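Quick notes on the structure that follows.
Read the figures in this text as sums done on the coordinates, not as results from a lab. Source: prediction; values computed, not measured. Note: ideal-geometry Cβ built from the backbone for every residue, glycine included; neighbour counts use all protein chains shown.
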């Protein structure tokens, strides 16, 4: 964009949506502290150990992944839950594949619920200025429906694994816990989400929480910074510059004319186009491409919510639909092979039904 003269250096810098970058950065600091304290391993094991049958084990895995993904970034939950699920299922002589796919689809579905659930929702939250509580109330029913549907579809398509309700005793393993860091991180997380629901600007609240967590003698800041996904922050900054440059060209107007002919004022059509685009160019770029269209809709708030819902749930369509899916596959590949068809036969019906339900719900 600089090379072709579409914008100056100052314009490129101003094009970066700093609230989104700061929200991502603050959440990464919080998640890093929770991870280093042992919270995610402790929570995952505590939930899974209460399951004593294959179906209840799957239900515990899917529900816990969905809830944690709603609170924290979904990719992190896949990094935490995948090794735990592998360890538990192999120790119990169960087939890990349906449980691992449950982690992937649940992380995407659960992250629909909140602005902090995934990067594209953070971007939409910053663009739209929808209050955190309103975002949650409008999309939580979609996530609940999707979570229950995911459990039903996985059980139905893997009847051999779940028809025999064998008694399971999940083994417990010692987990290294830093109690002081754990309580401090949980206190910061609790206050942060209270601030979110109270209407405090999400970027401001996340950065204050992150800054306070860095003030400690128990853990060097370098260990926290090692957990930060710097490449993601740089990629987002670059995407903002590219989008701003495109909006300065006639390409933006041509795209608007095309989308007007498609009838994107209809939430159902908007959701389907967003889902298709998310699978072609990935969900974050899809949100940026759809931004000029959505912000000019008669009901922009519902349009933004439909974009958040459809671009996120579209990640369940195929194995390549989201980074969360790939994290599960890569972490499990040494012990379990998840093929493209293994995933798609479960993800396809879940994606179609959840997006249709979400579009219907948002039109009410």
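Helix 132-157 versus the longest principal axis of the chain: what is the Cα-based angle in degrees, 0 to 90, to the nearest 10?
50
Can you pull the percent of Cα pairs in segment 279-364 with separation above 23 Å?
Above the 23 Å cut-off, segment 279-364 has 31 percent of its Cα pairs.
Where the centre of each part is set by its Cα atoms, how far does segment 299-334 sit from segment 101-147, in angstrom?
That distance is 11 Å.
Given the C-alpha centroids of segment 167-239 and segment 1-47, what is the distance between them in whole angstrom?
Answer, in whole Å: 12.
Compute the Cα gyration tensor for segment 223-357, then decide on rounded, prolate or oblate, letting a ≥ b ≥ c be the square roots of its eigenvalues: rounded whenever a/c is under 1.5, prolate when a/b is larger than b/c in the other cases, and oblate in all that remain.
Taking the square roots of the gyration eigenvalues as a ≥ b ≥ c, segment 223-357 is oblate.
For residue 333 and residue 247, compute 0.36 nm times the residue count separating them, minus their Cα-Cα distance, and round to one decimal in nm.
26.8 nm
So what is the orientation-averaged projected area of segment 1-118, using the convex hull of its C-alpha atoms, in nm²?
9.4
Say a paramagnetic label sat at a point 7 Å from the Cα of residue 191, along Cα to Cβ; which residues of segment 13-47 have their backbone N under 14 Å from it?
Residues passing the 14 Å test: 30.
If each of residue 198 and residue 145 carries a label point 7 Å out from its Cα toward its Cβ, how far apart are those two points in nm?
Each label point is offset 7 Å from its Cα along the Cβ direction, giving 3.4 nm.
Once the Cα atoms of helix 54-71 and of the chain are each reduced to a long axis, what angle between those two axes, in degrees from 0 to 90 to the nearest 10, is obtained?
For helix 54-71, the angle is close to 30 degrees.
Looking only at 62, 328, 241, which one moves most when the chain is put into a Gaussian network model with springs between Cα atoms under 10 Å?
241
Could you compute how fast segment 9-363 diffuses translationally, taking Rh as the Kirkwood radius over C-alpha pairs and applying Stokes-Einstein at 10 °C with viscosity 1.306 mPa s? Give it in µm² per second.
76
Compute the helix-to-body angle for 300-313: its Cα long axis versus the longest principal axis of the chain, expressed 0 to 90° and rounded to tens.
Orientation of helix 300-313: about 40 degrees from the principal axis.
When the helix-only estimate is applied to the chain (DSSP H runs of n ≥ 4, each -39,500 (n - 2.57), divided by the residue count), what is the mean residue ellipticity at 222 nm, nearest 500 deg cm²/dmol?
Estimated from H runs of four or more residues: -24500 deg cm²/dmol.
In terms of the Cα gyration tensor, with a ≥ b ≥ c the square roots of its eigenvalues, is segment 117-216 rounded because a/c is under 1.5, prolate because a/b exceeds b/c, or oblate?
Judged from the Cα gyration tensor, segment 117-216 comes out oblate (a/c at least 1.5, b/c at or above a/b).
How high is the FRET efficiency between residue 217 and residue 176 when r is their beta carbon distance and R₀ equals 30 Å, given to the nearest 0.05?
Here the calculated transfer efficiency is 0.95.
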